[in-house]
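Written below as structure tokens is the structure these notes are about.
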Amino acid sequence: MSTSVFKPGERQLSDPGSGPTENYLNAGFSAKSWLLTVDHKRIAILYLISLTFFFLIGGLFALLIRLELLTPAGDLMQSETYNKMFTMHGIIMVFFFLIPAVPAVFGNFLIPLMIGAKDLAFPRLNLLSWYLYIGGGLLAILAIAFGGVDTGWTFYTPYSSTYSNSNVILAALGAFIAGFSSILTGLNFIVTIHKMRAPGMTWFRLPLMVWGHYATSIIQILGTPVVAITIVLVALERLFSIGIFNPKLGGDPILFQHLFWFYSHPAVYIMILPSMGVMSEVITCFSRKKIFGYDFIAFSSLAIAVLGFLVWGHHMYTSGQSIYTSMVFSILTFLVAIPSAIKVFNWTATLYKGSVSYSAPMLYAIGFLGLFTIGGLTGVFLATLAVDVHVHDTYFVVAHFHYIMVGGAIMGYMAALHFWWPKMTGRLYPEGWARFSALVIFVGFHLTFFPQFIVGYMGMPRRYHVYPEEFQILNVFSTAGATILGIGYLIPLVYFLWSLKYGPRSSANPWNAKGLEWEQAGSPPETFNFRDTPVVMEGAYEYEPKIWLK
Amino acid sequence: MANHHHALQHHFEDLEQQFESASLGMWAFLITEILFFGGLFAGYLVYRSLYPEAFAVGSYKLDVLLGGVNTVVLICSSLTMALAVYWAHKGERTKIVVFLFLTIVLGAAFLGIKAVEYTHKFHAGLAPGNAFSYDGPFADQVRIFYSFYFSMTGMHALHMVIGIGLLTYLIIRARQGAYTAEYSTPVEMIGLYWHFVDIVWIYLFPLLYLIGRS
């Protein structure tokens with residue numbers, strides 16, 4: 001922590017328009033003041049930097065995969081190398097980018113600000129979470145350096161436990177440790193949301209971003225421990241051949257799949273629910289309208305979190321589970337479409353008759369709306385037993401989950417990054433470039449993944465680096481799209497870095513948005529967020545009265 | 001803001017809010033622990049229903065007497081822990097230290113007996129891995145039983161070791177007079193953890209030791 005002491009009585013009241021002169025960013029400049037900070041905002045920045053690093057590594061693997069798939073022959077790498085490419089892409093992107101992304105950066109930064117608290121309930125635990133994340137990430141990097149892993153990000157047994165000769169333990173240990181970072185973050189959020197709300201901040205005045213993170217945290221603390229013990233068992237199997245997943249001794253490799261997906265399906269909702277929270281904030285702000293159906297959006301987050309734990313078997317329709325089990329999982333999976341659709345309809349209804357403006361965060365939010373709908377609906381196709389048997393393990397599945405994870409989760413992440421960038425850094429980014437890159441990402445994304453629906457439906461299996469020639473044209477589209485998508489992600493990297501030094505200074509509330517973080521805190525906020533504990537008098541999205549008065 | 005107790009952290013309004021947060025956080029953590037062990041228990045139940053005879057054979061080779069003594073030892077340690085929390089509420093420094101120390105002694109006794117049991121199993125060739133040399137009926141599935149036995153009791157023992165570390169920290173802080181009638185949150189939270197680890201054993205003992213013994 002910084003050595004400067006916050007003394008409310010001694011400091012000058014600065015112009016509320018330009019934000020306080022003393023803030024969390026200039027509270028200390030030494031490396032120690034960052035690496036040993038317990039300020040949730042600084043920890044969020046640490047996460048932002050490290051997540052960007054892992055996103056670039058994961059993206060690099062994606063690029064190599066798409067490059068190999070440009071031609072039907074395996075002319076860039078051997079099959080074993082290719083196996084490692086998609087495995088490392090999956091592990092890095094899932095465990096070290098998508099799962100922590102929105103909660104660790106924006107949840108961390110914003111939850112205390114949004115509920116009117118000085119910090120999260122356990123600031124030191126929060127810092128520990130970041131170190132665990134970094135520790136896990138370093139192990140994953142080591143696994144890459146020592147030659148990679150080839151099991152697929154799912155670590156399926158008995159291949160991972162008995163036969164693979166790659167660095168399974170190192171990578172799995174990385175995921176295990178990063179998992180504890182995720183558990184502790186979720187635990188911190190739950191306690192903070194329960195116990196740290198400012199006077200007047202009732203549950204139904206909470207911004208929906210907070211509800212989204214609350215639902216996410218429930219999944220994090222209930223699901224992650226199960227995958228943790230599963231990873232321990234795989235490691236024990238490799239070290240001591242304990243036989244639990246080894247069919248030779250009467251062990252059951254399918255048990256691994258059950259335990260793995262018990263976490264890893266809900267993990268998809270860990271990725272998407274926080275982005276859904278971002279959606280509710282951005283869409284209301286740029287429609288200048290109260291959210292439509294607050295209660296329904298809040299409870300649909302919880303419904304997704306609960307239902308998410310009951311659908312894992314839909315990953316195992318072809319793994320040898322009983323057909324009756326599959327039917328039950330199929331029906332339960334259809335049910336997830338209901339709360340998801342409730343959200344989409346409510347956001348759409350919020351746009352209706354709103355005064356919509358198309359700033360960069362809003363472009364990403366609208367992009368999310370379309371892409372998530374496509375990803376969600378194809379999820380319903382895949383939940384259907386007979387259809388899934390046809391498209392199982394094809395590019396149709398790959399396209400589906402990228403529409404959710406990239407089209408949903410990362411679009412939400414980008415929307416959040418643009419929306420709260422002025423709050424986090426006190427600087428404005430160049431709006432024109434931001435809109436342009438949003439468009440590039442949208443086009444590049446569709447060009448990358450839409451052809452994969454078609455090629456998957458035609459029967460191209462995932463995880464192969466050679467394929468029949470008739471699939472080439474669609475793969476060329478996909479690779480071209482991936483290039484555009486990559487450029488689309490690099491442009492923001494450049495202008496965000498540029499804006500740190502050259503961007504115009506932001507006022508406390510550049511979007512004229514509602515919410516304590518905009519109305520009561522500076523840009524950037526001071527170390528303890530608010531000069532005095534705020535008192536909340538109204539709901540989260542009271543946009544309309546202001547408009548009529550003006 | 002009247003209450004400026006030295007233990008009050010900067011971001012809480014008062015000690016009550018701080019205690020409630022710690023308490024909720026600890027319970028949430030224990031829920032994650034239940035799910036962590038839950039994966040092992042689920043696996044155990046699957047294989048026990050698949051191979052009931054093999055599990056009975058494996059279980060019969062465990063030392064019920066040592067396991068039973070350990071159960072009593074652990075329940076006593078929960079009593080001493082509860083007494084430590086009780087005296088922490090009263091702020092009686094010496095008594096806190098005494099009962100925490102007794103809890104550590106009982107915990108260490110448990111681990112010692114466990115080590116004796118482990119040694120016996122290793123010598124009998126029942127430890128899974130390459131050293132596994134049991135050659136009776138259902139040898140492969142007995143091996144799976146012992147895999148669960150070692151994973152589950154091993155994970156439990158690891159939690160005991162961590163618990164003893166935490167108790168040692170509490171003793172050091174208690175001797176410095178950190179816990180008073182006003183503030184004894186850490187004693188209470190680590191107490192919850194200790195009871196949880198105890199309860200896990202209460203489930204492990206019958207599931208592992210008492211199969212098919214009537």
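The values are calculated or read from the model by the stated rules, or taken from the named source; none is laboratory data. Keep in mind that this is a model prediction, so the values were computed, not measured. FYI the Cβ positions are ideal-geometry reconstructions off the backbone, even for glycines, and counts take in every protein chain you see. Protein only, heavy atoms only, side chains kept; ligands, DNA and RNA dropped before computing areas. Shrake-Rupley method; radii C 1.70, N 1.55, O 1.52, S 1.80 Å.
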A:V210 away from every other protein chain (no Cβ under 11 Å), farther than 30 Å from B:G25 by Cα, aliphatic (A, V, I, L, M) and open to solvent by less than 40 Å² (accessible area, probe 1.4 Å):
no
Answer with yes or no whether B:K114 is in a helix (DSSP H, G or I), among the basic types (K, R) and closer than 30 Å to A:T162 by Cα.
yes
For the condition at positive phi and either open to solvent by less than 40 Å² (accessible area, probe 1.4 Å) or modelled with pLDDT under 95 (or both), what is the one hit in A:G136, A:G116?
A:G116
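Suppose the filter is at pLDDT 95 or above and small (G, A, S); does A:A434 pass it? Step through it out loud before you land on a result.
On the way: at pLDDT 95 or above: yes; small (G, A, S): yes.
In short, yes.
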Answer yes or no: is there a residue in the stretch A:233-240 that is crowded, with 24+ Cβ neighbours inside 10 Å, within 14 Å of the chain's Cα centre (by Cα) and not acidic (D, E).
no
Considering the stretch A:185-200 alone, what residues qualify as being open to solvent by 10 Å² or more (accessible area, probe 1.4 Å) and more than 19 Å from B:A28 (Cα to Cα)?
A:P199, A:G200
A:I177 vs. criteria crowded, with 21+ Cβ neighbours inside 10 Å and either touching a Pro at 6+ places or on another chain (Cβ under 7 Å) or hydroxyl-bearing (S, T, Y) (or both)
no
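I'd like the full set of residues that are part of a helix (DSSP H, G or I) and either more than 8 Å from chain A (Cβ to nearest Cβ) or modelled with pLDDT of 95 or more (or both), limited to the stretch B:1-19. First the steps, then the outcome.
The initial filter retains those residues of the stretch B:1-19 that are part of a helix (DSSP H, G or I), namely B:15-19.
Result: B:L15, B:E16, B:Q18, B:F19.
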Take the conditions away from chain B (no Cβ under 14 Å) and touching a helix residue (DSSP H, G or I) at 6+ places or on another chain (Cβ under 8 Å) and apply them to A:L184. Does it pass?
no
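Residue-wise test of (1) farther than 30 Å from A:K501 by Cβ; (2) open to solvent by less than 50 Å² (accessible area, probe 1.4 Å).
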site	(1), (2)
A:L385	yes, yes
A:D393	yes, no
A:F436	no, no
A:G444	no, yes
A:T448	yes, yes
Across the stretch A:307-330, what is the total count of residues that are among the β-branched types (V, I, T) and not in a helix (DSSP H, G or I)?
2
Restricting to the stretch A:464-495, name every residue that is within 24 Å of the chain's Cα centre (by Cα), surrounded by 21 or more Cβ atoms within 10 Å (Cβ to Cβ) and either hydrophobic (A, V, I, L, M, F, W, C) or not in a helix (DSSP H, G or I) (or both).
A:A482, A:L485
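Only one of A:G243, A:G250 is open to solvent by less than 10 Å² (accessible area, probe 1.4 Å), more than 23 Å from the chain's Cα centre (by Cα), without any contact (Cβ under 8 Å) to a residue 40 or more places away in the chain and within 11 Å of chain B (Cβ to nearest Cβ); which? Give the steps one after another, and end with the answer.
On the way: A:G250 fails: open to solvent by less than 10 Å² (accessible area, probe 1.4 Å).
Just one listed residue meets the conditions, A:G243.
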Residue in the stretch A:504-519 that is farthest from A:T21 (Cα to Cα), counting only those that are open to solvent by 50 Å² or more (accessible area, probe 1.4 Å) and more than 27 Å from the chain's Cα centre (by Cα)
A:P504
Enumeration of residues in the stretch A:262-292 that are open to solvent by 20 Å² or more (accessible area, probe 1.4 Å) and more than 10 Å from chain B (Cβ to nearest Cβ)
A:V268, A:Y269, A:R288, A:K289, A:K290, A:F292
Could you say whether any residue in the stretch A:443-456 is more than 21 Å from A:F61 (Cβ to Cβ), in contact with a Phe, Trp or Tyr (Cβ under 7 Å, 6 or more places away or on another chain) and among the polar types (S, T, N, Q)?
no
Considering only the stretch A:154-173, state which residues are surrounded by 23 or more Cβ atoms within 10 Å (Cβ to Cβ), part of a helix (DSSP H, G or I) and among the hydroxyl-bearing types (S, T, Y).
A:S160, A:S161
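Would it be correct to say that B:F37 is open to solvent by less than 20 Å² (accessible area, probe 1.4 Å), of a type outside the set (V, I, T) and within 30 Å of A:A215 (Cα to Cα)?
On the way: open to solvent by less than 20 Å² (accessible area, probe 1.4 Å): yes; of a type outside the set (V, I, T): yes; within 30 Å of A:A215 (Cα to Cα): yes.
Yes; evaluated as a whole, the condition is true for this residue.
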Condition test on B:A28, is it open to solvent by less than 50 Å² (accessible area, probe 1.4 Å) and part of a helix (DSSP H, G or I)?
yes
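Which one of these is open to solvent by 50 Å² or more (accessible area, probe 1.4 Å) and basic (K, R): B:K114, B:K121, B:K90?
On the way: B:K114 fails: open to solvent by 50 Å² or more (accessible area, probe 1.4 Å); B:K121 fails: open to solvent by 50 Å² or more (accessible area, probe 1.4 Å).
Within the list B:K114, B:K121, B:K90, the selection yields B:K90.
Residues in the stretch A:37-87 that are assigned to a helix (DSSP H, G or I) and polar (S, T, N, Q): how many?
Let us first name the residues in the stretch A:37-87 that are assigned to a helix (DSSP H, G or I), namely A:40-68, A:79-87.
From what is left, the residues that are polar (S, T, N, Q) are A:50, A:52, A:79, A:81, A:83, A:87.
Summing the residues that are assigned to a helix (DSSP H, G or I) and polar (S, T, N, Q) in the stretch A:37-87 gives 6.
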When (1) farther than 15 Å from B:A56 by Cα; (2) in contact with a helix residue (DSSP H, G or I) (Cβ under 6 Å, 6 or more places away or on another chain) are applied to B:F150, the one that fails is (2)
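Determine whether A:I304 is under 29 Å from A:L516 (Cβ atoms), part of a helix (DSSP H, G or I) and open to solvent by less than 30 Å² (accessible area, probe 1.4 Å).
Numbers: under 29 Å from A:L516 (Cβ atoms): yes; part of a helix (DSSP H, G or I): yes; open to solvent by less than 30 Å² (accessible area, probe 1.4 Å): yes.
Taking the combined requirement at face value, the residue satisfies it.
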Among the residues of the stretch A:93-125, what is the count of those that are in contact with a Gly (Cβ under 9 Å, 6 or more places away or on another chain) and either within 12 Å of another protein chain (Cβ to nearest Cβ) or of a type in the set (K, R) (or both)?
4
Condition met for B:L62 (under 20 Å from the mean Cα position of the chain (by Cα), more than 14 Å from every other protein chain (Cβ to nearest Cβ) and not in a helix (DSSP H, G or I))
yes
Do we have any residue at all in the stretch B:40-53 that's more than 9 Å from chain A (Cβ to nearest Cβ), assigned to a helix (DSSP H, G or I) and under 19 Å from the mean Cα position of the chain (by Cα)?
yes
Does B:A131 satisfy the criteria of being under 27 Å from B:G43 (Cα atoms), surrounded by fewer than 13 Cβ atoms within 10 Å (Cβ to Cβ) and within 14 Å of chain A (Cβ to nearest Cβ)?
yes
Restricting to the stretch B:151-185, name every residue that is open to solvent by 20 Å² or more (accessible area, probe 1.4 Å), away from every other protein chain (no Cβ under 14 Å) and either of a type in the set (A, V, I, L, M, F, W, C) or at positive phi (or both).
B:V161, B:I164, B:L166, B:I171, B:I172, B:G177, B:A181
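Report whether or not A:I219 is in contact with a Leu (Cβ under 8 Å, 6 or more places away or on another chain) and either of a type in the set (G, A, S) or open to solvent by 10 Å² or more (accessible area, probe 1.4 Å) (or both). Break it down stepwise before answering.
On the way: in contact with a Leu (Cβ under 8 Å, 6 or more places away or on another chain): yes; either of a type in the set (G, A, S) or open to solvent by 10 Å² or more (accessible area, probe 1.4 Å) (or both): no.
Here the answer is no, as A:I219 does not meet what is asked.
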